[in-house]
Amino acid sequence: MSTGVAEKTQKTIGGIRRKFSPWTDPTAVPLIRYENVTKRFGEFTAVDSLSLDIYEREFFALLGPSGCGKTTLMRMLAGFEEPTEGRITLAGEDLVGTPPYRRPVNMMFQSYALFPHMSVWDNIAFGLRQDRVEKGAVAARVEEMLKLVKLESFAKRKPHQLSGGQRQRVALARSLAKRPKVLLLDEPLGALDKKLREETQFELMDIQMELGMTFLIVTHDQEEAMTVADRIAVMNHGKLVQVAPPAEIYEQPNCRYVADFVGDVNILDARVESVDAGGLTLRAEAAPDMPMRISQGGEAKPGDSVSLAVRPEKLRVDLEPPADASLNCLSGTIWDIGYLGDLSIYHVELPNGVRVKAAKPNLTRMVERPITWDDKVYVSFTPDAGVVLTR
Amino acid sequence: MDRKLSWFNVTSLVLGFAFLYLPIVLLVIYSFNASRLVTVWAGFSTHWYGELLRNEQLLDAAWVTLRVAFITACVATVLGTMAAITLTRYGRFYGRTLFSGMIYAPLVMPDVITGLSLLLLFVAVNFDRGFWTITLAHITFTMCFVCVVVQSRLVTFDRSLEEAALDLGCPPLKTFFVVTLPIILPAVVSGWMLAFTLSLDDLVIASFTTGPGATTLPMRIYSQVRLGVTPEINAVCTILIGIVTVVVIGASIITKRQEVERQKAERLAAAG
Amino acid sequence: MAAKAKGRWLVVAVPYLWLLALFLVPFLIVFKISLSQDAIAQPPYFPTFALSEGWAAIKESLGELSFENYGYVLSWDNEFIEAYGSSLVIAGISTVLLLLVGYPIAYAMARSSKALRPTLLMLVILPFWTSFLIRVYAWIGILSPEGLLNQFLFFLGVIDHPLEILATDTAVYIGIVYSYLPFMILPLYSALEKMDDTLLEAAADLGCTPFAAFWKITWPLSLPGVFAGCLLCFIPAVGEFVIPDLLGGSDTLMIGKVLWTEFSVNRSWTVSSAVAVLLLLVLVVPIVLYQNVQQREVEGR
């Protein structure tokens, strides 16, 4: 079965992923609904009157710094915490009051929580045995799961005889074995090294696609969220800040917080001068003589104080002034250079002391870089490269 | 993660601690009984404490016990710490299994066997029995307890601290005294206290290994208890319980403070 | 370098030689004396080996050693075998009772909040620091016919004539459970406290009720603690002397008490040595098991 699945996945993965967007369909019924959910621990409000819909077959990521409430939000779905206020429904059924062992969701723990006194096989079979599944069916499912995570030859080992990556797979297999309606993943790859983590991210996506299940992942790693998820919810202080597909989160952040949290960004304080059909004109505090033209401005009105956000890779750095130096062009000196191999990051100091970062791919194999320390450079960007943030 | 205790857990704690403490509390209460009959309450009195101060035999026994316990605790702490270092730091050496066996076996060895065997040793080598034989016997079994206490601290000890000292030119012996010992001191102190109380407490081994003129407090109490319960014994027990309670609580406060300082020191050492 | 090696050698040698001389050698002497015969002399047995008498005398003495005492101890006519048996039974039952009493307490301690745990731990250890003898003594006043327990039960009207508890096996069980309880609780607590909470969450997540999770996760993971606690209580309880002597009756037969009587009343050093050697043989398996547990616990894997 698995070879067939692998082929099928390769053929269809693009097709499925491209077309999948139930959140834009007003008739779609969400699988999970958080309705005005609040969770307080004593004085501390972990989740603050939050509403969120997650759809079937979605790979949904909760992203935020530690303490933002994302883990609490997930643990309420698993049943380890009960909401102080509000309702959580799963496929139309109210979950509040149902103990964790009666909920059709399973969780993969950050620490993996593998039972140390049981073999890999017994760990994976554990959940099925709780449901008194008939022996042959248990064996068949466990074998299938072992195959899925490629651990067939490790069935008899105990958790302490496995590597970190193998343990992670056992934990995944264990939480998938019962075919839960929703799989919850709590920082599932946090303990793996970078290379293995990247590989596993793609494997997770394949498995999700193959089983057609709904995955909810909690992570503080924005790259991970961007890689795996269909949609990302960025959280802060117990509230949702933005819920959108990865590209939208990155390219059209709705506030300074999201722009800053996801990816690297230059943020310049500015004031709106004029708004017209083609966009808006700003004056940045860092460069009062240079008008800034931005094609999209949201609800900004003339006279508003706003932030102008531009990603480093969207800034051009040149030794010569660009063709049109009257717009969106700042001059400065190279303060420092970070060489990352694929990219070089140039820190450019503007005349008033503000520093901006510009990333430039290293297209040639030149060891001596043409732009070097203390060079006078021009930093420019196109009108559609910047985002105006009013919050 | 703090959890709420279920009623079952609360009940087991309450009943468990009631079971542990009720007999002791009753014992203390009845030491203030005016009546000679221990079980009939006849009003509050400190009569038996006064009586106690005039009981020279008992006071003598207490003095012997304290001296034995003090010497025992000091020597056992040194030997036990050495043994703990051997077991944690020396890896495999010839006779290690025998050594660790001799450390762990006395922890569970019935007192009658230890007592009898030591007595027969002292007789065989013709050693005059009395104060010193009790002390030697006590050192032997208490050092094993000290060793286990110190050992459990040493295994969690960050060895890079010692290596840092050596690296900075501090010779091994000095490293032990200026780096290792200060850090494991709380464990060494609790080892000392453990040895002290075990020695204070011991009846059987002392009874075997004693000789003329050396009667310890437990032996004296025991011979009186066999004749029946008296308020005077209650009074002795109350004083002992009082001393132990004060010392243990005091020590735990000191240890806690030292623990905080130790962690601070280790953090500093690890950082710098 | 030489000085360092000497220093290292000394750290091993001092405690090693001490234990050899005062722990191991005495056992050999006990064994030797168990093969000797009683004598009215000082010391009260023969043969005695004196190096001053020369090799021939020692060789002659060797011939006088015999297993006679073992025959005496192991004969059904004397009550020694019975005493071994009843000691094992009493220690075994006491250990089970200790586990039944100690486990819920240790479990509740481990489940309590982190802030409360050191205090609870302290409360368990504190009675251990007060004298063993005192704690046993305290029960005499409680269990005696005119004691506090009977007074209390009279007061409640539960009984109309005093319960005979003191001087029975029941009193011995109470005494052993009471005095050994901290030894049972501490290893159990340290095993339970180490357990990762998320394992129980994982079990619940996979459909396990709390009760089932206890038997499938908590209990198997606490087994090392159960094992250590049981051995720590069972072994010394078999040789217990003070508790059966003070709380038990004349028909409470325990080998520790028999050994003591043989030694101090019958004044037979040779028979008591044989009793001790046999007791050690009975206990050698649990002691070795305990050493392994202890070694793993303290020294890690």
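So here's what we get for this one:
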| read-out | value |
| --- | --- |
| Spin-label pair B:L173/C:V288, simplified geometry with 7 Å Cα→Cβ offset, distance in nm | 4.1 |
| Semi-axis lengths, Å, region B:87-169, gyration tensor of Cα atoms, sqrt of 5 times eigenvalues | 34, 14, 13 |
| Dipole of region B:113-272 [Lys/Arg +1, Asp/Glu -1 at C-beta], most positive-end residue of B:I253, B:I184, B:F127 | B:I253 |
| Anchor A:K181: lysines whose Cα lies under 24 Å away (excluding residues fewer than 8 positions away in-chain) | A:K8, A:K19, A:K39, A:K70, A:K135, A:K147, A:K150 |
| For chain A, size of Cβ-based charge dipole, Lys and Arg +1, Asp and Glu -1, in debye | 1660 |
| Overall Cα dimensions of region C:76-299 - principal axes, largest extent first, Å | 65, 49, 30 |
| Expected 222 nm ellipticity per residue - DSSP helices of 4 or more, -39500 (n - 2.57), all of chain C, to 500 | -23500 deg cm²/dmol |
| At R0 = 56 Å, FRET efficiency that the Cβ-Cβ distance of A:D375 and C:R8 yields, to 0.05 | 0.35 |
| Mean shadow area of region A:264-389 over all directions, Cα convex hull, nm² | 7.6 |
| Shielding score for C:102-108, defined as the mean number of other chain Cβ atoms within 10 Å | 5 |
| Estimated FRET transfer efficiency (C:L74, C:D38; beta-carbon r; R0 22 Å; 0.05) | 0.80 |
| Kirkwood hydrodynamic radius (C-alpha pairs) into Stokes-Einstein, chain B, 10 °C and 1.306 mPa s, D in µm²/s | 73 |
| ³J(HN,Hα), Karplus 6.51/-1.76/1.60, whole Hz, each residue of region C:277-287, x for Gly, Pro | 4, 5, 4, 5, 4, 4, 8, 5, 5, x, 5 |
| Candidate lysines for bridging to C:K59, where Cα separation is under 22 Å - those fewer than 8 sequence places away on the same chain excluded | C:K32 |
| Residues C:R111, B:R267 arranged by fewest to most Cβ contacts within 10 Å | B:R267, C:R111 |
| For region B:171-178, Karplus couplings with θ = phi - 60° (6.51, -1.76, 1.60), whole Hz, Gly/Pro x | x, x, 5, 5, 4, 4, 6, 9 |
| Shielding score for A:125-134, defined as the mean number of other chain Cβ atoms within 10 Å | 3 |
| Simple label model, 7 Å out from Cα along Cβ direction - C:L116 to B:W63, nm | 4.8 |
| Gained length - A:D48 relative to A:K19, 0.36 nm times residue gap less alpha-carbon distance | 7.2 nm |
| Alpha carbon centroid spacing (whole Å) that separates region A:204-268 from region A:335-391 | 26 |
| With eigenvalues of the C-alpha gyration tensor scaled by 5 and rooted, the protein assembly as shown, Å | 73, 33, 29 |
| Fluctuation leader among C:A228, C:A91, C:A213 - chain C, Gaussian network, Cα springs under 10 angstrom | C:A213 |
| Three principal axis lengths of region A:213-261 [C-alpha, angstrom, descending] | 33, 23, 16 |
| Computed FRET value (nearest 0.05) for A:S153 with A:L340, which takes r as the C-beta separation and R₀ as 35 Å | 0.35 |
| Cα-based Rg of region C:137-237 normalised by 2.2 N^0.38 Å, two decimals | 1.58 |
| Only Lys, Arg (+1) and Asp, Glu (-1) charged, at Cβ; the protein assembly as shown dipole about Cα centre in debye | 820 |
| Inter-label distance, nm, simple model (7 Å from Cα along the C-beta direction), C:F155/A:V275 | 8.4 |
| 10 Å binning of all Cα-Cα separations within region B:51-94, expressed as whole percents from 0 upward | 24, 26, 21, 15, 10, 4 |
| Euclidean distance between Cα centres, region B:224-260 to region B:168-198, Å | 26 |
| Gaussian network model of chain B, springs between alpha carbon atoms under 10 Å - residue of B:N55, B:N234, B:N126 with greatest fluctuation | B:N126 |
| Shielding by partners - mean other protein chain Cβ count within 10 Å, residues of C:207-214 | 4 |
| Cα long-axis angle, helix A:164-176 against chain A (0 to 90 degrees, to the nearest 10) | 60 |
| Shape of chain A, Cα gyration tensor, a/c cut at 1.5 | prolate |
| Charge dipole of chain A about the Cα centre (unit charges at C-beta), most positive-ward option of A:G42, A:F381, A:A191 | A:A191 |
| Test item: Cα-centred dipole of region B:209-272, Lys/Arg +1 and Asp/Glu -1 on Cβ, debye | 120 |
| Packing-based exposure ordering (other Cβ within 10 Å, fewest first) of C:F227, B:F145 | C:F227, B:F145 |
| Shape of region B:140-272, Cα gyration tensor, a/c cut at 1.5 | prolate |
| Exposure proxy ranking, count of Cβ atoms within 10 Å, fewest first, for B:V150, A:V149 | A:V149, B:V150 |
| Loop-located GluC sites (Glu not before Pro) in region A:236-330, at most 10 other Cβ atoms within 10 Å (DSSP) | A:E299 |
| Max mean-square fluctuation residue, GNM over chain C, Cα-Cα springs under 10 Å, options C:S190, C:S112, C:S179 | C:S112 |
| Sequence-separation-based contact order of chain B, relative, with Cα cut under 8 Å and 6+ spacing, percent | 30 |
| Angle in degrees between helix A:135-148 and the longest Cα principal axis of chain A, rounded to the nearest 10 | 30 |
| Cα-based helix-to-principal-axis angle, C:2-19 vs chain C, degrees rounded to 10 | 90 |
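Read the figures in this text as sums done on the coordinates, not as results from a lab. It should be emphasised that the depicted structure is a prediction, and the values quoted were computed from it without experimental measurement. For neighbour counting, all protein chains shown are included, and Cβ atoms are generated from backbone atoms with ideal geometry for every residue, glycine included.
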